[in-house]
1. Going through the stretch A:301-328 one residue at a time, which ones are within 13 Å of another protein chain (Cβ to nearest Cβ) and in a helix (DSSP H, G or I)?
2. When you go through (1) at positive phi; (2) in a helix (DSSP H, G or I) one by one for B:Phe30, which number turns out not to apply?
3. Among the residues of the stretch B:194-212, are any surrounded by fewer than 22 Cβ atoms within 10 Å (Cβ to Cβ) and not in a helix (DSSP H, G or I)?
4. B:Phe297 - would you say it is of a type outside the set (S, T, N, Q), touching a helix residue (DSSP H, G or I) at 6+ places or on another chain (Cβ under 8 Å), more than 22 Å from B:Ile19 (Cα to Cα) and part of a helix (DSSP H, G or I)?
5. Does A:Gly357 count as within 14 Å of chain B (Cβ to nearest Cβ), closer than 21 Å to A:Leu66 by Cα and not in a helix (DSSP H, G or I)?
6. From the residues in the stretch A:151-198 that are of a type outside the set (D, E, K, R), within 30 Å of B:Gly79 (Cα to Cα) and in a loop (DSSP other than H, G, I, E, B), which one is nearest to the other protein chains (Cβ to nearest Cβ)?
7. Within the stretch B:231-238, can one find any residue that is touching a residue at least 60 places away in the same chain (Cβ under 8 Å), farther than 19 Å from B:Ile132 by Cα, part of a helix (DSSP H, G or I) and in contact with a helix residue (DSSP H, G or I) (Cβ under 6 Å, 6 or more places away or on another chain)?
8. Considering (1) more than 8 Å from chain A (Cβ to nearest Cβ); (2) surrounded by fewer than 19 Cβ atoms within 10 Å (Cβ to Cβ); (3) over 20 Å from B:Gly73 (Cα atoms), say which one B:Phe161 fails and leave the rest.
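The values are calculated or read from the model by the stated rules, or taken from the named source; none is laboratory data. Bear in mind that the values here come from a model prediction, so they are computed numbers and not experimental data. With ideal geometry, Cβ positions are generated from the backbone for all residues, glycine too; neighbour counts draw on all protein chains shown.
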Amino acid sequence: MTALSIAIPGGIGAILAGLMFTLLRGDRKSAIDLAVHIFLAVVMAVFLAFLAAKAIDNPGGFLEILVGGLLSGVLYSLVALGFVLIFKASGVFNYAQGAMVLVAGLALVRSLDFLTASGVATVVAVPLAILFSGAVMALCAFVIEKWVLRPLLNQDGLTLFMSTIGATFVLEGLAQMVFGSEVYPLKLFPTDPMILLESVFPGGILVNKLDVWGGVIAGVLVAALALFFQYTKTGRALRAVADDHAAAQSVGIPISWIWFIVWLVAGIVALVAATVWGTKLGIQFSIVFLALKALPVLIIGGFTSVPGAIVGGLIVGAGEKLAELYIGELIGGGIEYWFAYVLALAVLLVRPQGLFGEKIIERI
Amino acid sequence: MLYRETGQFKSTYSADMGIFPLRQDRNALFVLLAFAFIGVPLLAHFHVWPFGSEYLLRAILLPFLILSMAAIGVNILIGYCGQISLGSGAFMAIGAYMAYKFGTGMPEIGLPPLPVLVSILLGGVCSALVGILFGIPSLRIKGLYLAVATLAAQFFFDWVFLRVAWFTNYAPSGSVSAPELNVFGWVVNEPLERYLLCLTFVTVFALIAKNLVRGNIGRQWMAIRDMDIAAELMGIRPFFAKLSAFAVSSFIVGVAGALWAFVYLGAWEPLAFSIDRSLQLLFMVIIGGLGSILGSFLGAGFILIVPIMLNLVPSELGVPLSTETISHLEFIIFGSLICFLLIKEPHGFARLVTLMKEKLRLWPFPY
């Protein structure tokens, strides 16, 4: 490393540490809090400085990993988005989101296989299969709302959370029994790699086309959701319910209908996640573990914030890829497995409500 | 008629504050303990059905006892102190692996292999220390946020025990086996002996837990659970109360983990303490009843036995189903059963027992 590549990241790190320190001074409470903040600021500064040093050493390679990480983070964002929608509207911490991705994916891939096997042209088969899996998700939403959530109205968050774990078991078992439990490849998007910015960096940046497709689709989905929430009657009702259940109900918004809609929207988000994820790795049981990866994303972004879910997913995606490559080689690999959680823990210590969440105010 | 307090007068404060103020409750407990300690071994010795089969002792009673103990630990944290933890599996793993390290000695720091009993307890102590560390976030966050924070412990330690070879004494396969179970010269080997060892542990720890939650510290935990800000205003230190709950809980869970590894599994790998284990323990305390020692036992029994039953029923009935279908059906029935129980009795089996006792007091003339 040249002197420059040490000095610049060192400076950046110091500035960041100082910045974080001043930012956090406002709401510090005790010596322990302060110590924790300083410790985290130093760790973060060192991490960022380290990354910066690596970036200066080999900008092309760094950018390649960064872009790859960001694009794979899009998937986390998609799953986290489903969580956030449901949590905002009904206060339910939905463990079943991962299982919903599995159900949607299995329904899609199996119906697609069935249609193509019976000689339907791909152009017709794909929309039909998507419609079918959408209907399956609607059925899921209906059943969960009617038989799990409505009887549990007004129970505390932990009970609701456990009931969604129960629902997860049912969904997993049912989906695998009906649609089969093998690995089903899904080919909806091109998966060949392409090379960007060849003129700037030697060798250019290698990006998978699928990841780019995933990014575009996620962008379109978020835009569509934003429009839906902002400009439709149902969307307004959804926002009202998210704000205050009782008040929304008192002005005549049918809560159970809204909850059905919200679970349906979450199901459709799951379907979109399943198309991208399935093209990448095939539809298989391990998809349910996506739900566990989405939890730290939520913590980082904030449980109640849609932009938070997006940004959190990107941070986790990029962070874990970079950490795996640059730190993993120092301490023995596999840190992708827990990096997101430790990052979430750090965020919790500094900003319990997440980067974009609303500040939690408690009254006696 | 059979179960009421009529005529049982308390003449001292200590009698009034007893764990079981009712004579009938006391007697029932003594009968249960006598059956567990003396009856089961006798029945097993004379091969009386169903206790004669090794299967019942090894595959049902042993895991039931150990997981009940872990559930008591989890219940202290979640049910009594209100701090949701999804990292119980990790604390079991810490107990198991540290007990293994103590049991096989650490030549790096000149520590000889310690007796099994001491290593198991030391495993619990290590687990308690890590529990305190991961309990620190609970001072700032609560509820499901805390659950995610404890998930960090789960995944981090999964990785540690998989990747850091020191914990497995550099075993190439990553799987380790427990040292000989030598308790004061008594080598525990037979399923029946293992059962008795675990039963002793569970009895002692259940008694300790019951007394802790009835005492000063338990009341502090419950105050924190019910409303932490109000508790703080009343002079309860959240720092001490929360971290002590984490310490006690992880200690019990850690000892249970060490027992699980040493006595039940014998040889194990990190997969034995995965996130599924944490969720299983969480189910046990929720289904059994939050804030109830008895509930921990009931929940553990239910969660453990239902899957076994579901697995046995189709083959017993002679229904021709593939193993795959059976395992899927198991998932479906288990999941719907959990939803059903949560809807019908959100306070768990412990509440049902309380209701039954209330009914029994008025029986047979409920007016």
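1. Within the stretch A:301-328, A:Gly301, A:Gly312, A:Val316, A:Glu320, A:Ala323, A:Glu324, A:Gly328 meet the criteria.
2. Failing condition for B:Phe30: (1).
3. no
4. no
5. no
6. Narrowing the stretch A:151-198 to residues of a type outside the set (D, E, K, R): A:151-155, A:157-171, A:173-181, A:183-186, A:188-191, A:193-197.
Okay, now just the ones that are also within 30 Å of B:Gly79 (Cα to Cα), so A:151-155, A:157-171, A:173.
Restricting the remaining residues to those that are in a loop (DSSP other than H, G, I, E, B) gives A:153-155.
Values: A:Leu153: 10, A:Asn154: 10, A:Gln155: 5 Å.
By that ranking, first place goes to A:Gln155.
7. For the stretch B:231-238, residues touching a residue at least 60 places away in the same chain (Cβ under 8 Å), farther than 19 Å from B:Ile132 by Cα, part of a helix (DSSP H, G or I) and in contact with a helix residue (DSSP H, G or I) (Cβ under 6 Å, 6 or more places away or on another chain): absent.
8. Answer for B:Phe161: the failing condition is (2).
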